[in-house]
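**Student:** Have a look at this one.
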Amino acid sequence: MFEEISIKHFRGIRNAEIKGINQVNLLFGKNNCGKSSVLEAVFLISGFSNPLLPVSINMLRNYNKHAFGDLLLDFYNLDTNNLIELFAKGSYNRSLVISPIQSVSNNISLESLASGNSDNVQKYYGLKLAYKYGEEKTTYHSEFIIEGDDTENNRIRRDKRYEEELKAMYIPASYMSVPVNERFAQIVKEKKENEIVAILKVLDPRIIDMQLVDTELLVDIGLSHRLPVNVMGDGMRKLISIILSVYSCKDGVLMIDEIDNGFHYTTMPLLWKALLTAAKANNTQVFVTSHNIDSLRGLSKVLEEDENALFRNLVAAHKLVNNTDGNLQSFRYDYEAFDYSIKQELEIR
């Protein structure tokens, strides 16, 4: 598991150090303070051998453009002279440096000659990832390259010397494209569907079981027929997405952006109880963002209950404050400090 994260020249963050990371981590702060960027940085360092991840994080924000100017969005102040540097300290240290690729070739294209194009050079651009793992001295490299002006004409190169073993998943604020059917099918193979049902009962006691019929996930709530998950309420559908993702990331890392989206404030304690239970059962490290005070209160309420005391040492809350110079400060709250601040209604956000 990660214990510390260092971020340099990424998005709106010039420099940041997140220390005292625990198994379940709540990142909170004001709007536009950099919570999602920290989450994306954790995602990048978790899958640092995948050259498509720097592009994918923009797609998670519903931005699907890949021109060279779009690739610059990952760099602080759009300045590629300052390379993106990410470092994670933990069971095995990880480091990642992302640099731009932009070049021209002296080769003359026959196609350009035939078309009468006066620009006879072959352009290409992209991103290069250099990464190290553990105590190894070897630096591995991966690349994402787009040739010419056609963003569909791209290629990737992975370093075959390195094989990633860490599972990592990212649930965006929109909860889009979470393949619940695929993830539930794997859980059925592992005979853990009853565990999922038990956790979901926390939010909806009517749930009896879940079945995957053909390619449709159905839920039994005691009616004459099972219901498709798609017709359940937003809160239940999103909880299913979260819990299935936790199980799919066993011994890995899960990122959840704006966890409170779609949940009524009264259900936040139930959501946190379900998440903590699933994370502990699967040894999954979780990073969650929220700026909703009801979400913070919900976590505090769960942890203060004696029956949930076993979760207190698993949780850390990190308040993020982004200064005008791009330095992101992180203030860590353990259970006692977090609980005290919530109860005293101190300025925790």
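Bear in mind that the values in this text are calculations on the coordinates, not laboratory data. Please read all numbers here as calculations on a predicted model, not as lab measurements. No Cβ is skipped: glycine too gets one built from the backbone with ideal geometry, and neighbour counts run over all protein chains shown.
**Student:** Under the Karplus relation 6.51 cos²θ - 1.76 cosθ + 1.60, θ = phi - 60°, what is the ordered set of whole-Hz ³J(HN,Hα) values for region 5-15, x standing for Gly and Pro?
**Tutor:** Here the 3J(HN,Hα) series is 10, 10, 10, 9, 6, 10, 6, x, 10, 7, 7 Hz.
**Student:** Further question: GLU164 versus ASN32, label points 7 Å from Cα toward the beta carbon: distance in nm?
**Tutor:** Distance between the two pseudo-spin positions: 3.1 nm.
**Student:** Projecting each Cα onto the charge dipole of the chain (Lys/Arg +1, Asp/Glu -1 at the beta carbon, about the Cα centre), which of LEU296, GLY233, LEU73 comes out farthest on the positive side?
**Tutor:** LEU296
**Student:** In addition: Using Cα springs under 10 Å in a Gaussian network model of the chain, which residue among ALA309, ALA281, ALA41 shows the largest mean-square fluctuation?
**Tutor:** For the chain, modelled as a Gaussian network with Cα springs under 10 Å, the answer is ALA309.
**Student:** Given the options LEU200, ASN327, TYR170, identify the residue whose Cα lies farthest towards the positive end of the charge dipole of region 168-343 (+1 on Cβ of Lys, Arg; -1 on Cβ of Asp, Glu).
**Tutor:** About the Cα centre, the residue reaching furthest to the positive side is LEU200.
**Student:** Per 0.36 nm of contour for each residue apart, how much would the distance between ASP294 and ASP325 grow if the chain were fully extended, relative to their Cα-Cα spacing? Walk me through the numbers on the way to the answer.
**Tutor:** Values: separation 31, 0.36 × 31 = 11.16 nm, distance 3.02 nm.
Full extension from ASP294 to ASP325 adds 8.1 nm.
**Student:** A further question on this structure: Past 27 Å, Cα to Cα: identify those pairs from LYS35/LYS201; LYS65/LYS319; LYS167/LYS301; LYS30/LYS192; LYS19/LYS343; LYS65/LYS250, in the order given. Write out the running numbers ahead of the final one.
**Tutor:** Details: LYS35/LYS201 30 Å; LYS65/LYS319 32 Å; LYS167/LYS301 30 Å; LYS30/LYS192 38 Å; LYS19/LYS343 25 Å; LYS65/LYS250 32 Å.
Over 27 Å Cα-Cα: LYS35/LYS201; LYS65/LYS319; LYS167/LYS301; LYS30/LYS192; LYS65/LYS250.
**Student:** Give me the net charge of TYR133's neighbourhood, meaning all other residues with Cβ under 12 Å from the Cβ of TYR133; Lys, Arg count +1, Asp, Glu -1.
**Tutor:** Values: positive: ARG94, LYS132, LYS137, ARG161; negative: GLU135, GLU136, ASP159, GLU163, GLU164, GLU165.
Local net charge: -2.
**Student:** Still on this model: With θ set to phi - 60° and the Karplus curve 6.51 cos²θ - 1.76 cosθ + 1.60, what are the ³J(HN,Hα) couplings of region 19-34 in order, to the nearest whole Hz, using x for Gly and Pro?
**Tutor:** 10, x, 5, 10, 5, 10, 10, 9, 9, 9, x, 5, 4, 6, 8, x
**Student:** Suppose every K and R has +1 on its Cβ and every D and E has -1 on its Cβ; what is the size of the dipole of the chain about the Cα centre, in Debye to the nearest 20? Present the calculation step by step, with values, prior to reporting the outcome.
**Tutor:** On the way: 39 positive and 46 negative charges, 68 e Å.
Taking the Cα centre of the chain as origin, the dipole is about 320 debye.
**Student:** May I ask for the distance between the Cα centers of region 202-280 and region 25-81, given as a whole number of Å?
**Tutor:** Rounded to whole Å, the Cα centres lie 27 Å apart.
**Student:** Sequence gap at least 6, Cα distance under 8 Å: using those rules, report the relative contact order of the chain to the nearest whole percent. Mind showing how you got there, number by number?
**Tutor:** Working: 671 pairs, mean separation 77.5, N = 349.
In percent, rounded to a whole number, it is 22.
**Student:** Output the peptides 154-160, 139-145 sorted from most to least packed, where packing is the average of other Cβ atoms within 10 Å over each peptide's residues. Provide the component values of the computation, followed by the final result.
**Tutor:** Details: 154-160: 13.9, 139-145: 17.6.
Going by the mean number of other Cβ atoms within 10 Å, highest first, we get 139-145, 154-160.
**Student:** Now for a separate question. Would you work out which of LEU53, ILE187, ALA279 lies farthest towards the positive end of the dipole of the chain, given +1 charges on the beta-carbon of Lys and Arg and -1 on that of Asp and Glu, about the Cα centre?
**Tutor:** The one lying farthest along the dipole's positive direction is ALA279.
**Student:** While we're on this one: Using the Cα centre as the reference, give the magnitude of the dipole from point charges on the C-beta atoms of region 215-306 (Lys, Arg: +1; Asp, Glu: -1; all else neutral), rounded to the nearest 20 debye. Each step should come with its number before you reach the end.
**Tutor:** On the way: 8 positive and 11 negative charges, 31 e Å.
Roughly 140 debye, rounded to the nearest 20.
**Student:** I would also like to ask the following. With each label point set 7 Å from Cα along the Cα-Cβ vector, what nm distance links ASN181 and LEU218?
**Tutor:** That separation, rounded to one decimal, is 1.4 nm.
**Student:** Taking 0.36 nm per residue of separation and subtracting the Cα-Cα distance, what length does fully extending LEU78 through HIS225 add?
**Tutor:** Numbers: separation 147, 0.36 × 147 = 52.92 nm, distance 5.42 nm.
Result: 47.5 nm gained on full extension.
**Student:** Anyone know which of LEU96, LEU244, LEU78 comes out most mobile in the 10 Å Cα GNM of the chain?
**Tutor:** Most flexible of the set in this elastic network: LEU78.
**Student:** What are the semi-axes of the equivalent ellipsoid of the chain, taken as the square roots of 5 times the eigenvalues of the Cα gyration tensor, listed largest first and rounded to whole Å?
**Tutor:** Value: 39, 26, 18 Å, ordered largest first.
**Student:** Ok, one more. Average projected area of the Cα convex hull of region 168-343, in nm²?
**Tutor:** Working: hull surface 44.3 nm².
The Cα convex hull of region 168-343, projected and averaged over all directions, gives 11.1 nm².
**Student:** Further, regarding this structure: Report the relative contact order of region 168-343, percent, no decimals, based on alpha-carbon pairs under 8 angstrom and at least 6 residues apart. Intermediate values should be presented prior to the final figure.
**Tutor:** Working: 240 pairs, mean separation 33.8, N = 176.
Here the relative contact order equals 19 percent.
**Student:** Here is a further query. For n ≥ 4 DSSP H runs only, could you compute -39500 (n - 2.57) per run for the chain, divide by its residues and tell me the 222 nm figure to the nearest 500? Let's see the in-between values first.
**Tutor:** Values: 10 runs with 97 residues, N = 349.
My calculation for the chain gives -8000 deg cm²/dmol from helical runs alone.
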